Structures are given as structure tokens and as C-alpha cells.
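The values are calculated or read from the model by the stated rules, or taken from the named source; none is laboratory data. These numbers come from a predicted model, not from an experiment. Please note: Cβ atoms are built from the backbone with ideal geometry, for glycine as well, and neighbour counts cover all protein chains shown.
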Amino acid sequence: EEIFGPVMCVLDFETEDEAITRANATEFGLSAGVFTSDLARGHRVISQIDAGSCFINSYNDAPVEMPFGGSKMSGVGRENSRAAIEHYSQ
């Protein structure tokens, strides 16, 4: 089930590819985050995760004016993405 609330799921992994595969192997995609001391690695990993909101070393810090929503079974529309650019370009 999709989790709502101040909950963080922490899973260990051997490779980045394994982490990305596991993160994308769900029918939900509202939000995802990567916590790392290597910012380049964070950008590399998060760019491959299919979620509406993606964060690196933070959570839920998008401006309230941004369009909100997820992908997959978590809704439509994404802040900080093509949907947001289209929203502000109309």
C-alpha cells in the first residue's frame, strides 16, 4: 500500500542499479528521495526514479504554488518537471 505520513522506508542495496530497480518496482510513484553524501550520485540516481516528486537530502520542500501529483497509481502531474513547465508556460 502507498504510505502517507512522516515515514521513511530504508532499504539496503548492493548497487545503484538494484536501488533504482527496487524504487521503480511499484505501482505507486508519488514521491521519492535519495539521501547521500555524494551529490553527483544523488542526481544520477534520482534522475532514473519514476516518481512525481523527487528529493535529494530533503523532503517536501517544493514551493506550494507548484502543481502537485505523482505518477503511476499515485495520480497525475508532477512538480519540478515537464508538467510544471507546461503549467507555468500557459
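Tabulated data
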read-out	value
Among residues of the stretch 31-49, those that are loosely packed, with under 14 Cβ neighbours inside 10 Å and at pLDDT below 85, counted	0
Selected residue (criterion: nearest to the chain's Cα centre (by Cα)) from residues of the stretch 1-30 that are of a type in the set (G, A, S) and at pLDDT 80 or above	G29
Matching entry among T15, T26, T21 (being more than 15 Å from S58 (Cα to Cα), surrounded by 13 or more Cβ atoms within 10 Å (Cβ to Cβ) and polar (S, T, N, Q))	T26
Tabulated pairs, the stretch 33-48, first touching a residue at least 12 places away in the same chain (Cβ under 8 Å), second of a type in the set (K, R) and surrounded by 13 or more Cβ atoms within 10 Å (Cβ to Cβ), C-beta under 9 angstrom, 6+ apart or interchain	V34/R41
